[in-house]
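Working notes, structure below.
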Amino acid sequence: MSLLPGEPLHYAETHFKFKLPWSLLYSPWPEILVDAPFQFVPGVSPMLWIVVRDAHRFPTVIERIEIDMVRESLDKETASVKKNLDLKISATEQFQFFPVELGDLEPGHYQIHCKITATRNIKGRHKTRTFTRWNYPGLEPQPLRIHVLSEKMPEAPGFAYGEMHCHTHYSADHVEHGATPAVFQQAAKAVGLDFVSCTDHAYDFAYLTEDYTQEADSPLPRFDALRTEVEHLNNSNDKNAPLIIAGEEVSVGNSKGENVHVAVMGPEGYLPGLGDCGRNWLDNRPTLKIEGILQMTEAHCFAAHPHQQMGLLEKFIFRRGYWDSKDLHSAARHPIRGIQFWNGLRDEGFKLGREWWIQELGKENYVLPIGGNDAHGDLNDTTAVSLPLFSLKHNRHHVFGNVRTAVKLPHEPVPSGSGLRKPLTKETLHQAFAGDNCFVTDGPALWWERVADSVENRPQMAVAFHARTTEDFGNGFRYVRIFGRRRLLNGKLSQREELHLASQVAARPFTDITVDFEDFAYLRAECITATGKFALTSAAIKPRSIER
């Protein structure tokens, strides 16, 4: 991972000095911070984790935690719930996550202020430190922000919701690390997900956990360890636990020989990709090209953050580039299945990626829109390196589970939310993503289904679009918009996509709109709620058998 300013580095490392004798970020204490899922669905008890890294180098006792939970309200009156716990937790390992139950909380938005007291022996002297939220040097403390939902999330029957891009502690290097698969599974249940596709860096598997600069004899031990850990979680007695999938984010070469990233959902074996690992100085040529990875696996592959903006130094030193239409290999036996252009927030990378996706639809390359968060841990917010050796930063851009991808399952619909009747499996999800029906969202449910319609007593195919929201995400919509592209007389699609229908439905938390295909080759929808939550669907393709 790049150490350049501007890179989204997470769970910041404060013990790496580039073999220099100094660093403004260095501290002879383990990194300690408090993290929590950003929301809790009904039926899940609110909780947080005390995260400790590098305690094997700096053994520490977490003595106690003081928690002040402040409930926000529109009338600016607040209610505070305090909790003081004596813990006496001995932290001695490289990565540890200690859960703390918060107890029952009324629905609403909360700011949670946490004060930690820790002790350790330094050169025979007993030292005590008390800090708020984290012990990162120079980084101002920020409260946790959680949303306890008042009702179950808006749902689409027969769809499974998942996090498509996140990193476990196997993605660890000098400046970042993720959460354990077990923490992700518990956090996924809290935020209302059915599955999590872990996409750890292919290059991190190839380096030692004990020393991130030293290449391992083989990447297979760490890759297999992740799969074993995930398999154990999926075989637990909790049948309602979200499915965890061991995948990869692989650095590959695009058509210009630049490094881009592909997210692979549960590959059969390890896929190599060390191109921009940041450990080889200026030698950052791609290990394999995109087509090479596509030939090595039958797992679904997705273009990861294809147009995320980057600086000139990053392009030059790490040889990073952007995705292009040729890189999707749409004519190959096993093409890129989707484009993950929503990467945590709707920024310039989102806008450019969305526009590229729409261009591909115009070429009748009906790749899926994919959303993810690129969360390295980051259950509530992001702590990151701003300037290596000098400063850290904080934002809420890459929060685990915030942007979700919902995919239509191949079996019969069940109105179940996260409690699916049929066990969710990796094979079921593989079949689902082979289909064409999904949507991405940070709140509302927005989906389509093909339905029979009749025009002049002639059977036709139409598309029914459904939008749902709740008071938690804005009890009403600013709009639901339906877009499409017409098929011209020459058989080609029109050059531009057009707005087919704009529905103003601000007063209602739900709407159902049935639209005839007419001469449109495909139709798709977007919506935004009263509070700015957004969703968009994949393209509903008109069957060629009914085209006029």
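The values are calculated or read from the model by the stated rules, or taken from the named source; none is laboratory data. Bear in mind the structure is a predicted one, so any value in this text is a computation, not a measurement. Every residue, glycine among them, receives a Cβ derived from its backbone with ideal geometry; neighbour counts consider all protein chains shown. Protein only, heavy atoms only, side chains kept; ligands, DNA and RNA dropped before computing areas. Shrake-Rupley method; radii C 1.70, N 1.55, O 1.52, S 1.80 Å.
What the table below lists for this structure:
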item	result
Tally, over the range 482-497, of residues that are assigned to a strand (DSSP E or B) and farther than 16 Å from W357 by Cβ	3
In the range 223-232, residue nearest to T180 (Cα to Cα) [restricted to those that are in contact with a Phe, Trp or Tyr (Cβ under 9 Å, 6 or more places away or on another chain) and either touching a residue at least 60 places away in the same chain (Cβ under 8 Å) or open to solvent by less than 30 Å² (accessible area, probe 1.4 Å) (or both)]	L226
In the range 97-107, residue farthest from W49 (Cα to Cα) [restricted to those that are open to solvent by 50 Å² or more (accessible area, probe 1.4 Å) and in a strand (DSSP E or B)]	E101
Members of the range 154-178 found to be among the hydrophobic types (A, V, I, L, M, F, W, C) and modelled with pLDDT of 95 or more, listed by number	A156, F159, A160, M164, C166
Breaking point among (1) open to solvent by less than 50 Å² (accessible area, probe 1.4 Å); (2) modelled with pLDDT of 95 or more; (3) under 21 Å from the mean Cα position of the chain (by Cα), for S325	(3)
Subset of the range 108-128 (residues that are part of a loop (DSSP other than H, G, I, E, B) and either open to solvent by 80 Å² or more (accessible area, probe 1.4 Å) or touching a helix residue (DSSP H, G or I) at 6+ places or on another chain (Cβ under 8 Å) (or both))	K123
Positions within the range 248-267 being open to solvent by less than 10 Å² (accessible area, probe 1.4 Å) and outside any loop (DSSP other than H, G, I, E, B), in sequence order	E248, E249, V250, S251, V252, G253, N259, V260, V262, A263, V264
Answer residue from the range 501-531, given it is touching a Phe, Trp or Tyr at 6+ places or on another chain (Cβ under 6 Å) and closer than 18 Å to V451 by Cα and is modelled with the lowest pLDDT among those	I513
Test result for I336, under 14 Å from V403 (Cβ atoms), among the β-branched types (V, I, T) and open to solvent by less than 10 Å² (accessible area, probe 1.4 Å)	no
Within the range 389-415, considering residues that are touching a Pro at 6+ places or on another chain (Cβ under 8 Å), at pLDDT below 90 and not in a strand (DSSP E or B), the one most open to solvent (accessible area, probe 1.4 Å)	P415
Enumerated helices (runs of 4 or more DSSP H) restricted to the range 155-244, each holding at least 2 residues that are within 30 Å of F473 (Cα to Cα) and of a type in the set (D, E)	none
Count of the range 304-322 residues which are closer than 13 Å to N259 by Cβ, at pLDDT 95 or above and part of a loop (DSSP other than H, G, I, E, B)	3
Breaking point among (1) open to solvent by 10 Å² or more (accessible area, probe 1.4 Å); (2) in contact with a Phe, Trp or Tyr (Cβ under 8 Å, 6 or more places away or on another chain); (3) more than 30 Å from L424 (Cβ to Cβ); (4) not aliphatic (A, V, I, L, M), for D211	(2)
Given (1) out of contact with any Gly (no Cβ under 7 Å at 6 or more places or on another chain); (2) open to solvent by 20 Å² or more (accessible area, probe 1.4 Å); (3) assigned to a loop (DSSP other than H, G, I, E, B); (4) at negative phi, index of the condition Y136 fails	(2)
Within the range 23-96, strands (runs of 3 or more DSSP E) holding 1 or more residues that are in contact (Cβ under 8 Å) with a residue 40 or more places away in the chain and surrounded by fewer than 20 Cβ atoms within 10 Å (Cβ to Cβ)	47-53, 60-71
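A quick yes/no check of all residues on (1) buried (at least 17 other Cβ atoms within 10 Å of the Cβ); (2) under 23 Å from the mean Cα position of the chain (by Cα); (3) of a type in the set (S, T, Y):
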site	(1), (2), (3)
T130	no, no, yes
P141	no, no, no
L149	yes, yes, no
P154	yes, yes, no
C166	yes, yes, no
Y170	yes, yes, yes
